[in-house]
Amino acid sequence: MPRSACQRREPPSAFPARLLLAVGTLLGLYFPLGKLARLGGVPPLLWAALISLGASAVLGAWLLLRRRALVWDAQHLRYFVVTALVSYAVPNVLVLSVITHLGSGATAMLFTLSPLLTALLSALAGLRAPARLEYAGIAIGFAGALLVALARGEAGRPADWLWVGLGLLVPVLLAIGNVYRSLDWPPRADPTWLAVGSHGVAAALLLAAGAVTGAFSGLPALAALPGISALQVAAAVAMFPLFFRLQHAGGPVLLSQIGTVSAGVGVLIGAGLMGERYPAQVWWGTGLIAVGIGLTVQARRRGD
């Protein structure tokens, strides 16, 4: 059956380009909310655990109330564990470890490498290769995100090569996770159940890490921010099922660009709602991000 015919029958929420914009926008909320949590004294590891635990608990309860069948076969369990380790728990721990050595700007730059590495790994794995227009969108979005990252933090500070090497593992792991989730997608999988299982395992791993590192000492600070915490969990609950739908409908390369979209959204929220002021370089970068995403969306609409 022609691909265009399949796309015409898809509901709007399943259309990959729209899913990209929706997931990227929801992810963009993480930056201002995470900043408010840090200003409130919440340890980043505890905040990451809240996101995974809150999303898996709320979505899991929703599945149970709807009496949805929950599959516990070996493939689903493998998918939960590998996704939790490669895509969530280990990258979070690495980011929290290197950010004090590399600075926030340099750490943000690491995420701009994920779409390029995902495209390379997808081609090596025999998955759908991006069209030329989509490659152009990735490259322009990468340049824009790089401009934003370079202007926001301490990207020029010297750092030990050990921490640089550990930092570079972050986009590598994210790219591997993006490709893995497509290659090992369970047959007839429910995207919401995949979100529940993956983030449930990630929450357990992050809570264990928090117990070891003493992050639980920040529980009083977390309890003092009920509104921000609830908003963060609500954003996660809305995002993660769409995230897995995007994985299935759009593939790993398109999904990898949510970080690029979220970078632009984070800038707009910071300037519009939090009173942040940025140099011209950030706005040039945000413009390039918009052009890059526009090219990606156009490529998908054309069915390239």
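Given (1) touching a helix residue (DSSP H, G or I) at 6+ places or on another chain (Cβ under 8 Å); (2) surrounded by fewer than 20 Cβ atoms within 10 Å (Cβ to Cβ), identify the lone condition not met by Leu39.
(1)
Could you please let me know if Ala234 is at pLDDT 95 or above, closer than 22 Å to Ala57 by Cβ and within 16 Å of the chain's Cα centre (by Cα)? Can you show your working first?
Numbers: at pLDDT 95 or above: yes; closer than 22 Å to Ala57 by Cβ: yes; within 16 Å of the chain's Cα centre (by Cα): yes.
Yes; evaluated as a whole, the condition is true for this residue.
Could you say which residue among Val93, Val81 is more than 24 Å from Pro32 (Cα to Cα), among the β-branched types (Val, Ile, Thr) and open to solvent by 30 Å² or more (accessible area, probe 1.4 Å)?
Selected residue: Val81, the only one of Val93, Val81 that is more than 24 Å from Pro32 (Cα to Cα), among the β-branched types (Val, Ile, Thr) and open to solvent by 30 Å² or more (accessible area, probe 1.4 Å).
Identify the residue in the range 51-67 that is of a type outside the set (A, V, I, L, M, F, W, C) and surrounded by 13 or more Cβ atoms within 10 Å (Cβ to Cβ) and, among all such residues, is nearest to the chain's Cα centre (by Cα).
Only one residue tops the list, namely Ser52.
Quick check: is even one residue across the range 75-96 assigned to a loop (DSSP other than H, G, I, E, B) and either of a type in the set (A, V, I, L, M, F, W, C) or over 19 Å from the mean Cα position of the chain (by Cα) (or both)? Explain how you work it out, then say what you get.
Quick first cut of the range 75-96, residues assigned to a loop (DSSP other than H, G, I, E, B) only: none.
No: the range 75-96 contains no residue that is assigned to a loop (DSSP other than H, G, I, E, B) and either of a type in the set (A, V, I, L, M, F, W, C) or over 19 Å from the mean Cα position of the chain (by Cα) (or both).
Please indicate, with yes or no, whether at least one residue in the range 120-130 is modelled with pLDDT of 75 or more, within 18 Å of the chain's Cα centre (by Cα) and open to solvent by 60 Å² or more (accessible area, probe 1.4 Å).
Checked the range 120-130: no residue is modelled with pLDDT of 75 or more, within 18 Å of the chain's Cα centre (by Cα) and open to solvent by 60 Å² or more (accessible area, probe 1.4 Å).
Inside the range 170-196, can you point out the residues that are modelled with pLDDT under 90 and open to solvent by 40 Å² or more (accessible area, probe 1.4 Å)?
Those that are modelled with pLDDT under 90 and open to solvent by 40 Å² or more (accessible area, probe 1.4 Å): Pro187, Arg188.
What number goes with the only condition from (1) modelled with pLDDT under 75; (2) buried (at least 22 other Cβ atoms within 10 Å of the Cβ) that Val297 does not pass?
In the conditions (1) modelled with pLDDT under 75; (2) buried (at least 22 other Cβ atoms within 10 Å of the Cβ), Val297 misses (2) alone.
The values are calculated or read from the model by the stated rules, or taken from the named source; none is laboratory data. Keep in mind that what you see is a predicted model, and the values were worked out from it rather than measured. A quick note on method: Cβ atoms are made from the backbone with ideal geometry, for glycine too, and the neighbour counts reach across all protein chains shown. Calculation scope for accessible area: heavy atoms of the full protein, side chains included, ligands and nucleic acids excluded. Shrake-Rupley method; radii C 1.70, N 1.55, O 1.52, S 1.80 Å.
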